[in-house]
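Q: Dumping the structure here so I can ask a few things about it.
Please treat every number below as a calculation from the coordinates, not as lab data. Because the structure is a prediction, the values reported are computed rather than measured. Here the Cβ positions follow ideal geometry from the backbone for every residue, glycine too, while neighbour counts run over all protein chains shown.
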Amino acid sequence: MLPRELQILKSHGSQYIRNLADVRLPDTFRGRPEISGNITIEQAQELENLCPVGAINHSPEVSLDMGKCLFCKECQFKQPDLIKFTADYKIATNNRADLIIKAGDRNPTPFRHNLVREEIGKMFGRALKLRQISAGGDNTCEMELNAAGNVNFDMGRFGIEFHASPRHCDGIVITGPVTQNMEKALQLCYDAVPSPKIIILAGVDAISGGLFADNEAVKRSFIDNHTIDLYVPGNPIHPLTFINGIYRMLFDKV
């Protein structure tokens, strides 16, 4: 007879996701949006007025910016025949412009390997140690980043881990819109990371400021003055989006 602990493990089944690049998420997942090519300017304007963060634009062409999008699906609820959020979680990219989805575009989110700095692949391909900085975040993206290392996703299998000390890290992962009271702390932490170093923006707040973009308490000069190596959209992000984005950056795959 199996010991009680082994019986419990057996009853749980396998929680380990073997292939993180080929996961079938439920249709309710809020991943890469698609806009119908038949949408009119008037319909796009209606959705633009509905969006609380200005992620939808009708001019010069109809588009949705995943770097601003809250993934609230209010636009889909309003016009389900014209816009929908798919289960595609591979939406991280290293080019800010590629987060903008245009009407009629159903291609996967591209990743520009020609933009990846040469030292990233040479120095961090076997191990990547990161320092996460919550620059005014609400703890949602932070929780998902923690989940990226759990038994389900286990990003540590690729040598990707979070460390407490920036002096032992290869880069930083920023969450939150970057508030004024975190600006100096963010810069100090970044300066403590040895060069060459990576900057990753995780979540809509970090990418664009999100709901807080125009708030007087937000100061994004650090973001504006540094090169960003990876944008991970979502509100909050999903561990699969984060891991696959880093994997593409490091290994030129997935």
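Q: Starting from the exponent 0.38 and prefactor 2.2 Å, build the expected Rg for the stretch 162-241 from its residue count and divide its actual Cα Rg by it.
A: So the stretch 162-241 has a normalised radius of gyration of 1.07.
Q: For the stretch 157-202, what is the Kirkwood estimate of the hydrodynamic radius, computed as the reciprocal of the mean inverse distance between distinct Cα atoms, to one decimal in Å?
A: On the way: mean 1/r = 0.0879 Å⁻¹.
This gives a value of 11.4 Å.
Q: Would you mind checking which residues have amide H under 5 Å from residue 132's amide H? H placed 1.01 Å from N; only 5 or more apart, or other chain.
A: Excluding prolines and chain starts, which carry no amide H, the hits are 163, 173.
Q: Could you give the length gained by full extension between residue 221 and residue 184, i.e. 0.36 nm per residue of separation minus their alpha carbon distance, to one decimal place?
A: 12.3 nm
Q: Can you pull the one-decimal nm distance between simple spin-label points at residue 97 and residue 214, each 7 Å off the Cα toward Cβ?
A: The two pseudo-label positions are separated by 2.7 nm.
Q: Can you give the calculated 222 nm mean residue ellipticity of the chain, where each DSSP H run of n ≥ 4 adds -39,500 (n - 2.57) and the sum is split over every residue, rounded to the nearest 500 deg cm²/dmol?
A: -8000 deg cm²/dmol
Q: How are the C-alpha pair distances of the stretch 40-152 spread across 5 Å bins, as whole percents from the shortest bin up?
A: 2, 9, 15, 18, 18, 15, 11, 7, 4, 1, 0
Q: Another question, if that's okay. Over all directions, average the projected area of the Cα convex hull of the stretch 113-251 and note it in nm². Kindly include the intermediate steps, with their values, before the conclusion.
A: Numbers: hull surface 30.7 nm².
Average projection, Cα convex hull of the stretch 113-251: 7.7 nm².
Q: Sticking with this one: So for the stretch 113-237: antiparallel DSSP bridges make up what percent, rounded to the nearest 5?
A: 5
Q: With θ set to phi - 60°, apply the Karplus curve 6.51 cos²θ - 1.76 cosθ + 1.60 along the stretch 3-10 and write out the HN-Hα couplings as whole Hz, x wherever there is a Gly or Pro.
A: x, 4, 4, 5, 5, 5, 4, 5
Q: Could I ask something else about it? Compute the projected area of the convex hull of the Cα atoms of the stretch 135-188, averaged over all viewing directions, and report it in nm² to one decimal place. Walk me through the numbers on the way to the answer.
A: Values: hull surface 16.9 nm².
Averaged projected area of the stretch 135-188's Cα convex hull equals 4.2 nm².
Q: At what distance in nm do the modelled label points of residue 122 and residue 163 sit from each other, each positioned 7 Å from its Cα along Cα→Cβ?
A: 2.0
Q: Using a Förster distance of 51 angstrom, determine the FRET efficiency expected from the C-beta separation of residue 4 and residue 87, and round it to 0.05.
A: In this case the efficiency is close to 0.85.
Q: Using all alpha carbons of the chain, what is the percent of pairwise distances in each 10 Å bin, ordered from the shortest bin to the longest?
A: Spelled out bin by bin, the chain gives 7, 29, 33, 20, 8, 2, 0 percent.
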